[in-house]
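The values are calculated or read from the model by the stated rules, or taken from the named source; none is laboratory data. On a predicted model such as this, the values are computed, not experimentally measured, just so you know. Positions of Cβ are backbone-derived with ideal geometry, glycine not excepted, and every protein chain shown enters the neighbour counts. Please note that ligands, DNA and RNA were not included when accessible areas were found on the heavy atoms of the full protein model with its side chains. Shrake-Rupley method; radii C 1.70, N 1.55, O 1.52, S 1.80 Å.
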Amino acid sequence: MNPSYSYKIYSSTDELPVNWDDLATSTIFLSKKYLQVLEKSSPENMICHFIGIFKNDLLVGIAVSQFLDLNKLESFGERDKCIKTALRNFAFKNFCSNVLLIGNNMLTGQNAFAFSEKIDEKQAIKTLKIASSALKKIFETKGKKIHITSFKDFNQAELKNFDISEFKNNYQFSTQPNMVFTIDKAWKSEQDYINSLSKKYKDQYKRARKKADLIEKRKMNLEDIIAYEETIYDLYIHVAKNAPFNTFFLPKNHFRTFKEIFKDKFLFYGYFIDEKLIGFNTLIKNGDVMDTYFLGYDESIQREKMLYLNMLYDMIAYSINKGFKEIIFARTALEIKSSVGAKPVKMYGFIAHSNPIINSQISKIFRYLEPETIWQERNPFK
């Protein structure tokens with residue numbers, strides 16, 4: 001490590017340097033407030049640390065790390081019952097259950113670190129790599145041997161900073177893309193968006209809206225979220241468990257905590273039929289970018305009322321009306337997100353196993369760990 005660079009590992013937001021937020025300008029997800037959300041309501045199988053990078057005692061970089069204990073999960077996803085799933089679960093339990101991540105497994109995109117302009121990015125990443133080794137030792141003293149260390153999610157342009165000797169034994173992987181919806185500067189309302197759709201997708205829009213005409217959408221405040229907490233959790237868990245793959249489940253108090261800390265920057269919308277909550281979605285205002293977050297719904301109503309598609313249209317309408325530049329729709333449900341106009345952005349990460357023999361085969365093993373998604377890209381615009 002360059003002698004002028006050093007790092008500090010923090011296990012609590014109370015310990016963070018006072019000027020931490022001066023560096024958290026690229027994303028809200030490195031801000032002290034967001035790290036407090038993680039601290040107060042992270043998944044049961046997750047332990048978070050925060051890393052400060054210093055150059056001659058000046059804070060020049062900030063990062064988040066998450067330790068995931070996959071043995072604590074009842075389910076990695078219940079949708080696909082097959083021999084490959086059984087093999088994957090066996091591999092996880094025995095060789096990959098303790099994962100150290102530099103980045104955020106609950107989000108899509110580069111929310112791992114932010115650096116000051118006064119920094120050499122390759123030096124900063126070298127320092128982060130050394131900090132990750134120190135974190136491995138911290139966990140080992142607690143009896144938790146780290147199997148896998150991973151750095152994620154980076155776009156093509158960000159990869160050049162990892163072209164250093166410290167990453168030569170890491171496998172570079174690419175998983176499902178980040179679905180990003182760019183808002184046309186000319187659009188001022190939802191109608192402008194609808195007008196830009198081709199006939200087929202205008203018809204899809206009309207059909208979806210007609211199906212949902214009896215559903216009432218409500219913006220929910222903190223008291224509402226607390227009052228409906230049990231139902232919200234049931235709806236969330238239903239969707240989460242039906243995902244093809246999971247590494248965590250949110251705790252029940254997560255949405256309440258987010259609203260308490262972020263207030264108007266965290267939006268929670270409930271969908272009701274006859275006063276019964278049948279679905280919800282959440283949005284986070286992240287500068288001029290709108291990040292979509294977790295959602296939940298009753299599957300039988302979702303299919304019948306095209307609820308998920310209606311939620312996507314609602315998110316687009318709100319973001320256009322409020323002048324946002326883009327919407328991060330994240331991973332999963334790639335085809336339906338593509339059908340409303342989101343485009344795939346390829347994301348990359350790096351992974352290494354602590355056992356050199358397993359690490360030499362990591363490219364083969366990885367195919368079992370990350371279920372492949374086959375989907376067809378759509379273009380809904382004229």
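Applying the condition of being hydrophobic (A, V, I, L, M, F, W, C) and more than 23 Å from the chain's Cα centre (by Cα) to segment 125-152 and asking which residue is nearest to Asp163 (Cα to Cα) yields Ile130.
Step by step: first the residues of segment 99-108, then only those that are part of a loop (DSSP other than H, G, I, E, B) and open to solvent by less than 10 Å² (accessible area, probe 1.4 Å), then the one that is nearest to Asn161 (Cα to Cα). Which residue is that? Before the answer, list the steps.
Pass one, segment 99-108, residues part of a loop (DSSP other than H, G, I, E, B): 103-108.
Checking which are open to solvent by less than 10 Å² (accessible area, probe 1.4 Å) leaves us with 103-104.
Values: Gly103: 15, Asn104: 19 Å.
Among them, the one singled out is Gly103.
Figure legend. Inter-residue proximity from segment 355-373: first residues more than 21 Å from Lys136 (Cα to Cα) and of a type outside the set (Asp, Glu), second residues open to solvent by less than 60 Å² (accessible area, probe 1.4 Å) and at pLDDT below 75, beta-carbon distance below 6 Å, spacing 6+ or different chains. Indicated pairs: Tyr368/Arg88; Tyr368/Ala91; Pro371/Pro244; Pro371/Phe245. Scanning segment 323-369 for residues that are open to solvent by 50 Å² or more (accessible area, probe 1.4 Å) and over 30 Å from Glu190 (Cβ atoms) gives Asn355, Pro356, Ile357, Ser360, Gln361, Lys364, Arg367, Tyr368. Meeting the requirement of 3 or more residues that are out of contact with any helix residue (DSSP H, G or I) (no Cβ under 9 Å at 6 or more places or on another chain), under 30 Å from Arg303 (Cα atoms) and at pLDDT 95 or above, the helices (runs of 4 or more DSSP H) wholly within segment 113-220 are 199-211. Within the option set Asp291, Asp314, being more than 14 Å from Met179 (Cβ to Cβ), open to solvent by less than 30 Å² (accessible area, probe 1.4 Å), in contact (Cβ under 8 Å) with a residue 40 or more places away in the chain and charged (D, E, K, R) holds for one residue only, Asp314.
Against the conditions (1) open to solvent by less than 30 Å² (accessible area, probe 1.4 Å); (2) outside any strand (DSSP E or B), Ile374 satisfies every one except (1).
Yes/no matrix, rows are residues, columns are (1) surrounded by 16 or more Cβ atoms within 10 Å (Cβ to Cβ); (2) polar (S, T, N, Q); (3) in a loop (DSSP other than H, G, I, E, B); (4) not assigned by the TED database to the domain that holds Tyr313:
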| position | (1), (2), (3), (4) |
| --- | --- |
| Asp224 | yes, no, no, no |
| Thr231 | yes, yes, no, no |
| Ile237 | no, no, no, no |
| Ala240 | yes, no, no, no |
| Leu250 | yes, no, yes, no |
| Arg256 | yes, no, no, no |
| Phe268 | yes, no, no, no |
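Taking segment 288-309 as the range and being among the aromatic types (Phe, Trp, Tyr) and over 30 Å from Thr25 (Cα atoms) as the test, the residues that pass are Tyr297, Tyr308.
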